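What follows is a short report on a single structure.
Bear in mind that the values in this text are calculations on the coordinates, not laboratory data. The structure presented is a predicted model; accordingly, all values stated were derived computationally and were not measured.
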Amino acid sequence: MVELEYQPTTADFAEALNARAKISRSGRMQRKLLILMPALAVLMGITIASGRHGPGRRSGWGSSS
């Protein structure tokens, strides 16, 4: 008599985590943030590069101009 034992693989775990992320509220939120964060980073980079960041558009943190 031969007994077969199921050995879970990393692909099984990955599939289970992906399925849970699609269903759970936190999983959906993480997916949305994963899309929004790079767009926000690009927008912040453009804003900083243009030199128009912060109220009064001061050039440095301690400047009094």
Exercise. Determine ³J(HN,Hα), in whole Hz, for all residues of region 42-50 in sequence, where each value follows from phi through the Karplus function 6.51 cos²θ - 1.76 cosθ + 1.60 and θ = phi - 60°; x replaces Gly and Pro.
Key: 5, 4, 5, x, 5, 5, 5, 5, 6
Quiz item: From the backbone phi of region 19-30, what are the Karplus-calculated ³J(HN,Hα) couplings (6.51 cos²θ - 1.76 cosθ + 1.60, θ = phi - 60°) in whole Hz, Gly and Pro given as x?
Solution: 5, 5, 5, 6, 8, 6, 5, 5, x, 5, 5, 5
